Amino acid sequence: YEINRYAFYGCTRLTSVTIGSSVTSIGGSAFRSCTGLTSVTIGNSVTSIGSSAFYGCYKLVEVYNKSSLDITAGDSSYGDVGYYAKNVYTEENGSCFTDTADGYRFLYDGTKGYLVGYYGEATDITLPDSFTAYDGTNVNTYKIYKYAFYGNTSLTSVTIPDSVTSIGEGAFSGCSSLESMTIPFVGAEAGKTSSDTYQYPLGYLFGTDSYTGGTEVTQYYYGNSTSSSTSTTYYIPSSLRSVTVTGGNILYGAFYGCSMLTSVTIPDSVTSIGDYAFRNCRGLTSVTIGSSVESIGSYAFDGCTGLTSVTIPDSVTSIGSYAFEACAGLTSVTIPDSVTSIGSYAFYYCKGLTSVVFEDTEGWQVSRYSDFRNYTSRSSAKLANASTAATYLKSTYYYYYWRKV
């Protein structure tokens, strides 16, 4: 017999399917959008698979093909059954899956490990540092596969260890109850820098699928060239309030426009905060900047109207142009002695700023040109008190560059 068109369309709770030997054909879109499906066995009597039969089965990484159809990984033929696959095998015991007692499903392809699904019931989870593969190999690093936690509406907290090297698109799409995340990096695979291509912001983890409880956020990322950026609309859980970054650097546009965030912790392991990193995070009221951060990029906190105070650690040497522009709620800021340059418009339109503390009030000069060497008059007199310093920093000298000499 045949499996009719749309027979299991959108059955998101399916995790595996075995097509028996009595089935000869699978209709178009029969298993389309079964987003929980990670494995399928195609029976030996199947001779045809209809168009888009497995389209949108993002986690379908393993196919056991008993039929005579030429199903290959990455190929969209035969209803996309092999399109998402990492492993297509034709012999018994060819499975590369490992299922753990606490509900994680891993795949090991002989060189790389992938977390492809979570079927446990815990709502507050810490991902494993490693796993033992089907062949006994101890896998110490792995990637989170795209849509791995798709539609898990019970999940409230996730801690991702440093052993995770990348997180796939939409890995947490539809996790509408997620409140907090601890992640090792934002913006690119671990080990990549701001000059590398294909960097993605926080929204990439949640994907472009809209859902109830998702906040629409437009974020920017580098495409295949670092000379230009591309904007994409993502849907981040409205419940998400807190993110802690445990390692690496915070790169270009990582949290751009995440207006639901109220708290971000930047640990000592981070050395730079990239351009646009927190731009327009209007709900952000608390930012803890680690003691190893050396630079705060241009527009990094632009438009963060909920911020009332910022403590810049004495590891920071430069504050980029527009870094805190339009932080209307900002009332106080301390510029440590370590800072040697402040870009133009860095605190422009911080209309609530009343207290500015320069730990070094003697060594500054101000120029409206990028070449400071052409301007020799020092501005130390202008820093005589906090009120005067605030005025010059947020208004009179908004288009100037500041540099310590």
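Annotations
- In the condition set (1) modelled with pLDDT of 90 or more; (2) open to solvent by 40 Å² or more (accessible area, probe 1.4 Å), residue 286 is compliant with all but (1).
- Residues considered: 172, 149. Of these, the only one that is touching a Cys at 6+ places or on another chain (Cβ under 7 Å), in a loop (DSSP other than H, G, I, E, B) and either hydrophobic (A, V, I, L, M, F, W, C) or open to solvent by less than 10 Å² (accessible area, probe 1.4 Å) (or both) is 149.
- Residue in segment 152-168 that is closer than 29 Å to residue 14 by Cβ, at pLDDT 90 or above and open to solvent by 50 Å² or more (accessible area, probe 1.4 Å) present: yes
- Looking at 340, 317, 285, just one residue is under 25 Å from the mean Cα position of the chain (by Cα), more than 16 Å from residue 392 (Cα to Cα) and of a type in the set (Ser, Thr, Tyr), and that residue is 285.
- As for segment 269-281, it holds at least one residue that is open to solvent by less than 50 Å² (accessible area, probe 1.4 Å) and in a strand (DSSP E or B).
- All strands (runs of 3 or more DSSP E) inside segment 16-130 with 1 or more residues being open to solvent by 30 Å² or more (accessible area, probe 1.4 Å): 16-18, 87-89, 97-99, 104-108, 124-126
- Of residues in segment 342-395 being open to solvent by 70 Å² or more (accessible area, probe 1.4 Å), polar (S, T, N, Q) and over 14 Å from residue 327 (Cβ atoms), the one modelled with the highest pLDDT: 387
- If you check 50, 56, 36, 74 for being under 26 Å from the mean Cα position of the chain (by Cα) and at negative phi, only one passes: 36.
- In segment 106-121, the residues that are over 23 Å from residue 174 (Cα atoms) reach residues that are outside any strand (DSSP E or B) and open to solvent by less than 20 Å² (accessible area, probe 1.4 Å) with C-beta atoms within less than 8 angstrom, at least six apart or across chains, in these pairs: 108/96; 108/133; 109/96; 110/96; 113/133.
The values are calculated or read from the model by the stated rules, or taken from the named source; none is laboratory data. Since the structure is predicted, the reported quantities are computational estimates derived from the model, not experimental observations. Because the Cβ atoms are built from the backbone with ideal geometry, glycine has one as well, and the counts that use them run over all protein chains shown. Note: accessible area is taken over every heavy atom of the protein model, side chains too, but ligands, DNA and RNA are not part of it. Shrake-Rupley method; radii C 1.70, N 1.55, O 1.52, S 1.80 Å.
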